[in-house]
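Every number here is computed from the coordinates shown, using simple stated rules; none is lab data. This one's a predicted model, so the numbers in the text were calculated from it and none came from an experiment. Ideal geometry is used to build each Cβ from the backbone, glycine not excepted, and the neighbour counts take in all protein chains shown.
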Amino acid sequence: MAAPRGEAHTPELTVEEAAKARAFAFDVPPAEDNEPSVPVEKSIDPVVVSAPVVRFERHLVLVDGQVLTDMAGRPVADPSLQEERADLIRTRLAPQPTAGQIKTPDQVIDDLEWAKHGVAEGARLIREAERAWKALKHELERRRAHARQRSLGRSADQRDADVYLQTESLARAVDDAETVLNYVRAVSRASETTTSAAQTQARMVEATFRLAGTGREA
């Protein structure tokens, strides 16, 4: 029977084609221009899960509105606080030098005190930055595990895409926290080096003033 005018003619499937379509859940589109029908795999619906929202409030780290804690249940501090404190120490210990400037004993003593402060404060900053990094990293791994569970039955590439999209913002927060930790560690090491240099400067200034008192500097 001819197809009604204006409607496309869809050939009937053979018994073999129909069996294959049922067995493999294939859609077989109608043939066009006498071309053989080519099975097309059905698309898989994506797993739509919103990524966690990471923000900082009241100097704390919040993930989806919940305060992030470490393994001991203690809230972790915003890594940017440690970064700002490390910036202050670095700026004080490494000011841009002035050509021809000769430091007074008081200035050298001040440098030495700041260097000692930087060493002690650096240890605390490292502790807090490391706690934040580890807590964020643990939360990231936990959410990645849940994302992988939700993607069971999908192809490997699709699972990887699901996990990435569902944890992208948290992964970025982990990277930022690790950057802060490395920076704080570098400033702490610089403080230790500066302490040694300031002690050497203090001895040199002391020797210079002693010579100045005897007139032997001439």
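The packing ranking of peptides 66-73, 144-151, 172-179, highest mean first, is 172-179, 144-151, 66-73, where packing means the average number of other beta carbon atoms within 10 angstrom of each residue. At full extension, residue 141 and residue 98 could sit 10.6 nm farther apart than now, given 0.36 nm per residue minus the alpha carbon distance. With both labels modelled 7 Å from their Cα along Cα-to-Cβ, the residue 72 to residue 161 distance reads 4.4 nm. Here the extension length gained between residue 182 and residue 127 equals 18.6 nm, from 0.36 nm per residue of separation less the Cα-Cα distance.
Calculated on the alpha-carbon coordinates, the convex hull of the stretch 103-161 measures out at 86 cubic angstrom per residue.
Can you tell me how much longer the chain between residue 150 and residue 200 gets when fully stretched, taken as 0.36 nm per residue apart minus their C-alpha distance, in nm with one decimal? In short, 11.9 nm is gained. In the stretch 56-208, the convex hull through the Cα atoms has an average projected area of 12.1 nm², a quarter of its surface area. Other residues with beta-carbon under 14 Å from the beta-carbon of residue 193 carry, at +1 per Lys or Arg and -1 per Asp or Glu, a net charge of +2.
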